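**Q** This structure is in structure tokens; I'll ask about it shortly.
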Amino acid sequence: MRADQQVMNQSPRVRFAPSPTGVLHIGGARTALYNWLLARGSGGTMVLRIEDTDRERSTPENVAQILEALAWLELDWDEGPLSQAERSDRHRARIAELVEAGAAYPDTATSEDVRAFKRAHGNAGYRGEPRPGEGAAIRLRVPNAGETVVDDLIRGPVRFENRLQDDFVIARGDGTPLYNFAVAVDDAEMRISDVIRGDDHLSNTPKQLLVLRALRCEPPRYAHLPLLHGPDGKKLSKRHGAASVQELREAGYLPAAVRNYLALLGWGADDDTTFMPTSELIERFSIERVGRASAVFDERKLRWLNGRFMREMPLDAYVEAAAAQLEREGHPEVPGDRERLRAACAIAQEKAQTLSELWPLVRFLFEPPLEDPKAWSKVMRDGAGPNLEAALEALRTAEPFDSTTLEAELSALVERLGVKARDVYQPLRVAITGTTVSPGIFDSLAALGRQRALERVEAAVERLRDRSDSG
RNA sequence: GGCCCCGUGGUGUACUGGUCCAGCACGCGGCCCUUUCAAGGCCGAAGAGCGGGUUCGAAUCCCGUCGGGGCUACCA
């Protein structure tokens with residue numbers, strides 16, 4: 001029953017403990033991922049705990065967003081979500097214990113009093129004495145002697161002198177427990193074996209250790225991950241482009257690619273492996289190989305990785321992902337036409353690096369050609385008209401109307417005409433899509449189907465004829 | 001200011017004393033392939049913050065310095 005006995009030599013119990021004061025950030029997502037990888041790779045248990053003791057900033061909407069982001073990332077948990085605020089009774093009970101034992105005391109000192117004390121004592125930690133009173137906060141008694149060392153899994157031992165540590169507040173004047181106390185109690189009572197969290201908590205850890213010691217609880221192991229920075233070297237924030245999981249999703253990234261990329265931010269399997277499916281991540285991940293230096297989130301590499309995942313995905317899964325994306329983007333009618341969507345995916349799969357690049361490539365299959373004056377003026381000139389007319393014949397007679405046959409017919413045509421391939425293919429591309437960029441031209445024609453292809457090319461021929469008549 | 005963490009090319013990283021005049025990947029430049037754009041192939045530019053030590057020998061160990069970051073709340 002004792003917490004320390006449970007912790008030792010068992011499969012790890014980890015927790016992801018976001019505070020719902022905003023959306024789930026990329027840094028938070030990576031923390032969640034590392035916890036999850038450790039749990040899944042070792043038959044351990046993942047606990048999700050919402051640290052909602054900040055009464056002002058925590059909102060149910062933020063909780064919902066975080067849960068949604070985790071769901072999208074396909075990071076699941078075994079216990080929770082638990083609400084830290086709802087465990088307030090436990091925290092209060094523990095505080096009462098400490099006060100009774102004299103390990104904590106009520107104090108009416110204000111923060112100004114504390115500052116004054118520190119000034120007068122050469123920056124030493126604040127030491128008060130029991131001063132019960134209206135609105136007295138509860139402070140933990142911190143020993144003057146010795147040091148508290150955090151034996152970090154990633155950084156090794158980190159030492160903090162106790163004499164510099166304040167008798168810090170563990171409960172507000174109204175009795176509500178504070179973060180550093182609640183966390184320590186929860187980690188102990190939930191029998192967490194490994195606390196994996198951001199580096200920004202390293203300085204908090206001695207406080208939590210002090211709480212645990214006062215409570216006579218065995219502390220968990222700690223691993224503090226280096227923080228993620230933006231391209232400017234500053235702490236990652238909303239100003240740095242797609243900084244939240246939500247934005248990553250909207251930008252058309254695949255969860256598996258995001259997992260792979262995030263795993264690589266601060267951790268590497270070995271010298272030359274970058275592309276790793278999640279199963280491999282789970283198998284190879286280890287806290288010991290996590291680096292100590294902060295990393296910069298670089299969306300360009302994510303894009304590349306995402307492209308690889310997109311290309312190597314089975315078509316069925318690709319179609320599902322595409323359908324979800326197109327629906328999100330406001331083309332709800334497209335996913336309904338599975339047959340055509342599938343054809344579209346088949347020809348665009350190797351072209352798109354993100355799901356959001358899909359629609360521009362395949363919209364010509366679902367809508368009339370785009371009006372792109374630049375494409376026309378660039379491509380539709382000189383021999384474009386005659387070349388298209390000649391191509392019309394090939395389109396009419398190609399049998400079957402598939403990519404292979406079209407390629408054979410059209411390249412034979414190019415040969416006969418004695419022109420450059422692009423002088424036939426680009427006008428065709430503009431005729432059927434309205435733009436100069438599309439999937440392979442033969443694939444595109446075949447996917448469009450003979451009838452619509454003919455209609456579009458005929459219309460383009462007409463248009464070119466009108467133009468030369470009047471000009 | 002105090003305490004703490006970190007420092008290999010633009011970015012992520014490999015290598016913890018010799019096999020490294022530093023490898024891989026993204027990005028960048030060039031070439032090839034080629035029906036556009038991608039993809040793919042080949043080639044290339046680009047790095048150990050700086051200064052001292054220790055050592056026969058340092059990216060790797062020590063010290064200093066500079067730089068970046070975090071914490072420093074009756075926030076989490």
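The values are calculated or read from the model by the stated rules, or taken from the named source; none is laboratory data. From a predicted model like this one, the values you see are computed outputs, not experimental measurements. No Cβ is skipped: glycine too gets one built from the backbone with ideal geometry, and neighbour counts run over all protein chains shown. Surface areas here come from the heavy atoms of the whole protein model, side chains and all, with no ligands, DNA or RNA. Shrake-Rupley method; radii C 1.70, N 1.55, O 1.52, S 1.80 Å.
**Q** Does the range A:378-387 include one or more residues that are farther than 25 Å from A:Gly330 by Cα, over 46 Å from the mean Cα position of the chain (by Cα) and within 13 Å of RNA strand B (Cβ to nearest atom)?
**A** Of the range A:378-387, the ones farther than 25 Å from A:Gly330 by Cα are A:378-387.
Those still in the list that are over 46 Å from the mean Cα position of the chain (by Cα) too: A:381-387.
So of that shortlist, the ones also within 13 Å of RNA strand B (Cβ to nearest atom) come out as A:387.
Yes - at least one qualifying residue is present in the range A:378-387.
Here's the yes/no breakdown for (1) more than 27 Å from A:Glu56 (Cα to Cα); (2) in a strand (DSSP E or B); (3) more than 8 Å from RNA strand B (Cβ to nearest atom):
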| site | (1), (2), (3) |
| --- | --- |
| A:Val183 | no, no, no |
| A:Ala188 | no, no, yes |
| A:Ile192 | yes, no, yes |
| A:Pro231 | yes, no, no |
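**Q** Kindly evaluate A:Glu112 against the criterion of being open to solvent by 80 Å² or more (accessible area, probe 1.4 Å), touching a residue at least 24 places away in the same chain (Cβ under 8 Å), of a type outside the set (Lys, Arg) and more than 9 Å from RNA strand B (Cβ to nearest atom).
**A** Working: open to solvent by 80 Å² or more (accessible area, probe 1.4 Å): yes; touching a residue at least 24 places away in the same chain (Cβ under 8 Å): no; of a type outside the set (Lys, Arg): yes; more than 9 Å from RNA strand B (Cβ to nearest atom): yes.
Considered against the rule, which asks whether it is open to solvent by 80 Å² or more (accessible area, probe 1.4 Å), touching a residue at least 24 places away in the same chain (Cβ under 8 Å), of a type outside the set (Lys, Arg) and more than 9 Å from RNA strand B (Cβ to nearest atom), A:Glu112 comes out as no.
**Q** Among the numbered criteria (1) within 30 Å of A:Arg131 (Cβ to Cβ); (2) more than 12 Å from RNA strand B (Cβ to nearest atom); (3) open to solvent by less than 50 Å² (accessible area, probe 1.4 Å); (4) aliphatic (A, V, I, L, M), which single criterion is violated by A:Val245?
**A** (1)
**Q** Somewhere in the range A:349-357, is a residue under 41 Å from the mean Cα position of the chain (by Cα) and of a type in the set (Asp, Glu)? Before you say what the answer is, go through the steps one by one.
**A** To start, the set of residues in the range A:349-357 that are under 41 Å from the mean Cα position of the chain (by Cα) comprises A:349-357.
In the following step, the residues that additionally are of a type in the set (Asp, Glu) were identified as A:350, A:357.
Within the range A:349-357, one or more residues are under 41 Å from the mean Cα position of the chain (by Cα) and of a type in the set (Asp, Glu).
**Q** Hey, can you tell me all the residues within the range A:409-421 that are within 14 Å of A:Pro386 (Cα to Cα), near RNA strand B (Cβ under 10 Å from one of its atoms) and either not in a helix (DSSP H, G or I) or not hydrophobic (A, V, I, L, M, F, W, C) (or both)?
**A** The one that is within 14 Å of A:Pro386 (Cα to Cα), near RNA strand B (Cβ under 10 Å from one of its atoms) and either not in a helix (DSSP H, G or I) or not hydrophobic (A, V, I, L, M, F, W, C) (or both): A:Lys420.
**Q** Let me ask something additional. Step by step: first the residues of the range A:444-470, then only those that are within 25 Å of A:Arg342 (Cβ to Cβ) and buried (at least 19 other Cβ atoms within 10 Å of the Cβ), then the one that is nearest to RNA strand B (Cβ to nearest atom). Which residue is that?
**A** Let us first name the residues in the range A:444-470 that are within 25 Å of A:Arg342 (Cβ to Cβ), namely A:444-457.
Within this subset, residues satisfying the condition of being buried (at least 19 other Cβ atoms within 10 Å of the Cβ) are A:444-448, A:453, A:456-457.
Numbers: A:Ser444: 8, A:Leu445: 10, A:Ala446: 11, A:Ala447: 13, A:Leu448: 14, A:Ala453: 14, A:Arg456: 16, A:Val457: 15 Å.
Here the residue is A:Ser444.
**Q** Could I ask something else about it? Of the numbered conditions (1) within 9 Å of RNA strand B (Cβ to nearest atom); (2) within 24 Å of A:Pro226 (Cα to Cα); (3) open to solvent by less than 20 Å² (accessible area, probe 1.4 Å); (4) among the hydroxyl-bearing types (Ser, Thr, Tyr), A:Thr148 satisfies every one except a single condition; which is it?
**A** Just one mismatch for A:Thr148, condition (1).
**Q** Also, quick follow-up: Exactly one of (1) more than 28 Å from A:Gly122 (Cβ to Cβ); (2) out of contact with any strand residue (DSSP E or B) (no Cβ under 7 Å at 6 or more places or on another chain) is unmet by A:Leu153. Its number?
**A** Tallying (1) more than 28 Å from A:Gly122 (Cβ to Cβ); (2) out of contact with any strand residue (DSSP E or B) (no Cβ under 7 Å at 6 or more places or on another chain), A:Leu153 fails exactly one: (2).
**Q** Every residue in the range A:166-180 that is near RNA strand B (Cβ under 9 Å from one of its atoms) and not small (Gly, Ala, Ser), please.
**A** Those that are near RNA strand B (Cβ under 9 Å from one of its atoms) and not small (Gly, Ala, Ser): A:Asp166, A:Phe168, A:Val169, A:Ile170, A:Arg172, A:Asp174, A:Thr176, A:Pro177, A:Leu178, A:Tyr179, A:Asn180.
**Q** Report yes if some residue within the range A:196-219 is in contact with an Asp or Glu (Cβ under 7 Å, 6 or more places away or on another chain) and either under 30 Å from A:Ser244 (Cβ atoms) or within 7 Å of RNA strand B (Cβ to nearest atom) (or both); otherwise report no. Spell out how you get there, then give the answer.
**A** Here is the first cut: in the range A:196-219, the ones in contact with an Asp or Glu (Cβ under 7 Å, 6 or more places away or on another chain) are A:218.
Next cut, either under 30 Å from A:Ser244 (Cβ atoms) or within 7 Å of RNA strand B (Cβ to nearest atom) (or both) only: none.
No - not one qualifying residue is present in the range A:196-219.
**Q** Sticking with this structure for a sec: Run A:Arg381 past the list (1) over 16 Å from A:Arg340 (Cβ atoms); (2) open to solvent by less than 20 Å² (accessible area, probe 1.4 Å) and report the number of the one that doesn't hold.
**A** A:Arg381 satisfies all of (1) over 16 Å from A:Arg340 (Cβ atoms); (2) open to solvent by less than 20 Å² (accessible area, probe 1.4 Å) except (2).
**Q** Hey, could you check the range A:154-165 for residues that are more than 7 Å from RNA strand B (Cβ to nearest atom) and open to solvent by 40 Å² or more (accessible area, probe 1.4 Å) and say which is farthest from the chain's Cα centre (by Cα)?
**A** For the range A:154-165, the residue satisfying everything is A:Arg163.
**Q** OK, next. Which members of the range A:388-408 meet the condition of being open to solvent by 30 Å² or more (accessible area, probe 1.4 Å) and either touching a Lys or Arg at 6+ places or on another chain (Cβ under 7 Å) or within 12 Å of RNA strand B (Cβ to nearest atom) (or both)?
**A** A:Phe401, A:Ser403, A:Thr404, A:Glu407, A:Ala408
**Q** Determine which member of the set A:Ala344, A:Ala352 is within 23 Å of A:Leu448 (Cβ to Cβ), within 15 Å of RNA strand B (Cβ to nearest atom), modelled with pLDDT of 95 or more and in the same structural domain as A:Ala263 (by TED's automatic domain parsing). Don't jump to the end; show me each part of the working.
**A** Details: A:Ala352 fails: modelled with pLDDT of 95 or more.
The unique qualifying residue is A:Ala344.
**Q** Please go through the range A:355-370 and give me each residue that is open to solvent by 50 Å² or more (accessible area, probe 1.4 Å), in a loop (DSSP other than H, G, I, E, B) and within 15 Å of RNA strand B (Cβ to nearest atom), ordered by number.
**A** The one that is open to solvent by 50 Å² or more (accessible area, probe 1.4 Å), in a loop (DSSP other than H, G, I, E, B) and within 15 Å of RNA strand B (Cβ to nearest atom): A:Leu370.
**Q** Name the single residue that is nearest to RNA strand B (Cβ to nearest atom) among those in the range A:303-318 being open to solvent by 40 Å² or more (accessible area, probe 1.4 Å) and either more than 10 Å from A:Leu254 (Cβ to Cβ) or touching a Phe, Trp or Tyr at 6+ places or on another chain (Cβ under 7 Å) (or both).
**A** So, considering only residues that are open to solvent by 40 Å² or more (accessible area, probe 1.4 Å) and either more than 10 Å from A:Leu254 (Cβ to Cβ) or touching a Phe, Trp or Tyr at 6+ places or on another chain (Cβ under 7 Å) (or both), the one nearest to RNA strand B (Cβ to nearest atom) is A:Trp304.
**Q** Another question about this same structure. Of the numbered conditions (1) farther than 30 Å from A:Gly252 by Cβ; (2) within 14 Å of RNA strand B (Cβ to nearest atom); (3) in contact with a strand residue (DSSP E or B) (Cβ under 6 Å, 6 or more places away or on another chain), A:Pro81 satisfies every one except a single condition; which is it?
**A** Among (1) farther than 30 Å from A:Gly252 by Cβ; (2) within 14 Å of RNA strand B (Cβ to nearest atom); (3) in contact with a strand residue (DSSP E or B) (Cβ under 6 Å, 6 or more places away or on another chain), A:Pro81 violates only (1).
**Q** Give the residue that is surrounded by the fewest Cβ atoms within 10 Å (Cβ to Cβ), with candidates limited to residues of the range A:276-294 that are more than 12 Å from RNA strand B (Cβ to nearest atom) and more than 14 Å from A:Ser42 (Cβ to Cβ).
**A** Filtering the range A:276-294 for residues that are more than 12 Å from RNA strand B (Cβ to nearest atom) and more than 14 Å from A:Ser42 (Cβ to Cβ), the one surrounded by the fewest Cβ atoms within 10 Å (Cβ to Cβ) comes out as A:Ser279.
**Q** List the helices (runs of 4 or more DSSP H) that sit entirely inside the range A:1-104 and contain at least 1 residues that are small (Gly, Ala, Ser), buried (at least 22 other Cβ atoms within 10 Å of the Cβ) and out of contact with any Ser or Thr (no Cβ under 9 Å at 6 or more places or on another chain). Working first, answer last.
**A** Values: elements: A:3-7, A:26-42, A:60-73, A:88-101.
Result: A:26-42.
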